[in-house]
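Step one of this worksheet: look at the structure below.
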Amino acid sequence: MSSGTLFDKVWDLHQVAKLPGGSSQLFIGLHLIHEVTSPQAFAALKDKGLNVFCPDRTVATVDHIVPTTNQNRPFSDPLAEEMLVTLESNCLNHDIKLYGIGSGHQGIVHVIAPELGLTQPGMTIACGDSHTSTHGAFGAIAFGVGTSQVRDVLASQSLAMNKLKVRRIFVEGNLNEGVYAKDLILHIIRELGVKGGVGYAYEFAGPAIQALSMEERMTICNMSIEGGARCGYINPDEVTFEYLQGRLCAPIEDSWNRATNWWRSLCSEENAIFDDEVLLNAAKIAPTVTWGITPGQSISIDENIPTPDCLEQSDRSIAEEGYKYMGLRPGTPIKGTPVDVCFIGSCTNGRISDLQAAAKIAKGQNVARGVKAFVVPGSEQVAQEAKAERLDEIFREAGFEWRDPGCSMCLAMNPDRLEGRQISASSSNRNFKGRQGSSSGRTLLMSPAMVAAAAITGEVTDVRILLNKAL
Amino acid sequence: MDSNSSFPKGKIQNIRGRCLILSGDDIDTDRIIPARFLKCVSFENLGEQVFADDRKELNGDHPFDQKINKGASILIVNQNFGCGSSREHAPQALMRWGIRAIIGQSFAEIFYGNCLALGIPCGTMSEHKIATLETIISENPMEEWKLDLNQETLNNHKTSLGLNYQPGALEMLRTGRWDATYQLTSNSDKLTQKLKNLPYLNQFNN
Ligand code: SF4
């Protein structure tokens, strides 16, 4: 059993009671809600005659269903409009702060909470969305929950949960030029498997992790869930504090100093005990691309799609399913695979540094003929920053569409979707069958810079070649 | 369809009602409530949508459409009922149609837990007993039954059949402690204590 880790400390601090069924009641410091998973929870609350216990620890935004071309109300999709109207009235009735469209802070829930300084070290954070793990980048214990747990958190600011084990993933070395946080996390998932993290919280540590910016750390923690880990976190340090200082909801003045002292005290002890430890080397990682239908089915840009005989027995049947669905042949290179759609955005890679990295590749270039490429900033604030740096112009000039913020084609609950068997180069996090809105649509996950490179050449491309040209 | 007031509440010891048979193994949550009904803002209409595709296919002949089953509240199923996704919409849909208890050969684990969270007991019987039960019900579908959780039996005026429950679940149902929300909200003193003591909720003074 783990001890002395940040996870243990934060868990112990938030444990309220032991419940009859044997699980723990865990206090939730910050509850984030959005339009898709909250309506039934509010309805259930009403059924039970209960109120929201801590409206001021609950924050809402709208992201999944918003259109990215025309956000005027009412939305053209009546179902989407109804979902937003429901969220608005629930927030109004329960005194919950909602960052709606045009507020300056609307955006993907996992982009805006850090941006606002709501996400802080040492908190427990829950949201009815599996990518809540993103917030662990700050040294918070953050995990996605189901609708009945959303109801429970609304009603009691707590939920019933069993403690997770802790695995430390220690990453030595440094990422090479043209290799990004996305490549690192795809590599980790490839190494440990999509079910490898089940029952675990992942602590990401080591020099390669410490060298990452906060936005890169968020990309890493975001995809913990794709590796099966309900949450992932990074011990807070100066990089964390620097990011937080001055943000809207960050502590100020005297309490800032008290805060940083407390945050430091939460870090995993030098002699902390982990349930498991894994060692990796960042310097060995190349730009990574998925070829299949799970985020674990990825290879380096220089590799060939694996043949069944070089896979573990247990991975073979899903690989067969992957070849068939993707229409890709084992033993052939992924490089050069033509793409139809290029999507830059999502809670994994829709932040300003992601857009900067992609713009660097797109600058002065043209999107390949026949390719539809679009950029969806993760939030209104990201959009604003990008415009201030004229990234929108760079993208537009290169032939990308510049859209309004939202989840967009990450899961295609809005009008942005693949059609038929189209294949996308996507900076999002899931390449499941049908994920991007067409039941036969295909997704290749990669870093935003790699997506930009694919947009320019019209095929899966090693971004390092374009980077060298850009220099 | 039942009104909200009759949804399970408190101690669950006896459930009275007619039985309805839904035959077949491995009935998954996609069949119970097809995915397209997940894009909704409340669980309210799920009662009408339960088994939507299966019912459409059978055009009025599905057990959930047959007149004789109207108002039945004890669902009899076979093996591995409720397998598939973890969607809570599945037990919600059954509950909103009027189901208050399910008896079958076996249940998918997540589905079992989701039912428990709604106060719907899932009891198991051997294949042989289920078959016997199905015969009795088919012969007299209008008959009232009593599910007795204290005795762990299902009874009508002349038959009594034993069934099994997971001890923890049974205890939670009988004592009325199956409702996680209730458990969590009943610790409000301790929750208030957390609100007072957590550093980040108190300008980091603690
Ligand atoms: S961007 Fe994608 S993964 Fe992230 S919250 Fe939205 S839909 Fe979920």
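The values are calculated or read from the model by the stated rules, or taken from the named source; none is laboratory data. All figures in this text were calculated on a predicted structure; none of them were measured in a lab. Positions of Cβ are backbone-derived with ideal geometry, glycine not excepted, and every protein chain shown enters the neighbour counts. Quick note on the areas: whole protein, heavy atoms, side chains included, nothing else; ligands and nucleic acids left out. Shrake-Rupley method; radii C 1.70, N 1.55, O 1.52, S 1.80 Å.
General remarks:
- Residue list for region A:240-261, restricted to those being of a type outside the set (Gly, Ala, Ser) and buried (at least 19 other Cβ atoms within 10 Å of the Cβ): A:240, A:243, A:244, A:251, A:260
Yes/no matrix, rows are residues, columns are (1) more than 14 Å from chain A (Cβ to nearest Cβ); (2) closer than 29 Å to residue B:70 by Cβ; (3) in contact with a Ser or Thr (Cβ under 9 Å, 6 or more places away or on another chain):
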{"position": "B:139", "(1), (2), (3)": "yes, yes, no"}
{"position": "B:144", "(1), (2), (3)": "yes, yes, no"}
{"position": "B:162", "(1), (2), (3)": "yes, yes, yes"}
{"position": "B:167", "(1), (2), (3)": "no, no, no"}
{"position": "B:177", "(1), (2), (3)": "no, no, no"}
{"position": "B:196", "(1), (2), (3)": "no, no, no"}
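- Hey, residue A:283 hydrophobic (A, V, I, L, M, F, W, C), under 17 Å from residue A:6 (Cα atoms) and more than 22 Å from the chain's Cα centre (by Cα) or not: no
- Residues being within 14 Å of chain A (Cβ to nearest Cβ) and either under 20 Å from residue A:47 (Cβ atoms) or among the hydrophobic types (A, V, I, L, M, F, W, C) (or both) - total across region B:68-115: 14
- Residue count for region A:352-399, restricted to those that are part of a loop (DSSP other than H, G, I, E, B) and in contact with a Lys or Arg (Cβ under 7 Å, 6 or more places away or on another chain): 2.
- Each residue in region A:211-225 was checked for being away from the ligand (no atom under 16 Å from the Cβ) and among the small types (Gly, Ala, Ser), and 2 pass.
Condition check ((1) part of a helix (DSSP H, G or I); (2) without any contact (Cβ under 8 Å) to a residue 12 or more places away in the chain; (3) more than 8 Å from every other protein chain (Cβ to nearest Cβ)) across all residues:
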site: A:42; (1), (2), (3): yes, no, yes
site: A:49; (1), (2), (3): no, yes, yes
site: A:67; (1), (2), (3): no, no, yes
site: A:74; (1), (2), (3): no, yes, yes
site: A:86; (1), (2), (3): yes, no, no
site: A:101; (1), (2), (3): no, no, yes
site: A:112; (1), (2), (3): yes, no, yes
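- Of B:110, B:130, B:103, all but one fail to be crowded, with 20+ Cβ neighbours inside 10 Å and under 13 Å from the mean Cα position of the chain (by Cα); the exception is B:103.
- Residue in region A:401-415 that is nearest to the ligand (Cβ to nearest atom), counting only those that are over 17 Å from the mean Cα position of the chain (by Cα) and modelled with pLDDT under 95: A:414
- Residue A:381 satisfies every condition listed in (1) open to solvent by 20 Å² or more (accessible area, probe 1.4 Å); (2) more than 16 Å from the ligand (Cβ to nearest atom); (3) over 19 Å from residue A:467 (Cβ atoms); (4) in contact (Cβ under 8 Å) with a residue 60 or more places away in the chain except (2).
- Residues of region A:262-274 satisfying the condition of being open to solvent by 30 Å² or more (accessible area, probe 1.4 Å) and either polar (S, T, N, Q) or at pLDDT below 95 (or both): A:265, A:271
- Search result, residues across region A:88-99 that are away from the ligand (no atom under 16 Å from the Cβ), outside any helix (DSSP H, G or I) and open to solvent by 20 Å² or more (accessible area, probe 1.4 Å): A:95, A:97, A:98
- Residue in region A:335-346 that is closer than 23 Å to residue A:208 by Cα and within 16 Å of the ligand (Cβ to nearest atom) present: no
- Of the residues making up region B:151-175, those that are open to solvent by 60 Å² or more (accessible area, probe 1.4 Å) and touching a strand residue (DSSP E or B) at 6+ places or on another chain (Cβ under 8 Å) are B:160, B:164.
- Set side by side, the residues A:454, A:398, A:388 differ, and just one is free of Cβ contacts under 8 Å to residues at least 12 places away in the same chain and away from the ligand (no atom under 16 Å from the Cβ), which is A:388.
- Condition check for residue A:169: outside any strand (DSSP E or B) and buried (at least 23 other Cβ atoms within 10 Å of the Cβ): no
- Residue match in region A:16-30 (condition: more than 8 Å from chain B (Cβ to nearest Cβ), in contact with a helix residue (DSSP H, G or I) (Cβ under 6 Å, 6 or more places away or on another chain), among the hydroxyl-bearing types (Ser, Thr, Tyr) and open to solvent by 10 Å² or more (accessible area, probe 1.4 Å)): no
- Residue list for region A:419-445, restricted to those being open to solvent by 10 Å² or more (accessible area, probe 1.4 Å), within 12 Å of the ligand (Cβ to nearest atom), more than 14 Å from chain B (Cβ to nearest Cβ) and touching a Gly at 6+ places or on another chain (Cβ under 8 Å): none
- Residue selected from region A:317-343 under the condition assigned to a helix (DSSP H, G or I) and at pLDDT 95 or above, by the criterion surrounded by the fewest Cβ atoms within 10 Å (Cβ to Cβ): A:324
- Exclusive hit being surrounded by 22 or more Cβ atoms within 10 Å (Cβ to Cβ), outside any helix (DSSP H, G or I), in contact with a helix residue (DSSP H, G or I) (Cβ under 8 Å, 6 or more places away or on another chain) and of a type outside the set (A, V, I, L, M, F, W, C), set A:226, A:203: A:203
- Subset of region A:283-315 (residues that are open to solvent by less than 30 Å² (accessible area, probe 1.4 Å), aliphatic (A, V, I, L, M) and out of contact with any Pro (no Cβ under 8 Å at 6 or more places or on another chain)): A:285, A:286, A:289, A:293
- Criterion: within 16 Å of the ligand (Cβ to nearest atom), within 11 Å of chain B (Cβ to nearest Cβ) and not β-branched (Val, Ile, Thr) - qualifying residue of A:107, A:146: A:146
- Among the conditions (1) at pLDDT below 95; (2) crowded, with 16+ Cβ neighbours inside 10 Å, the only one that residue B:191 does not satisfy is (1).
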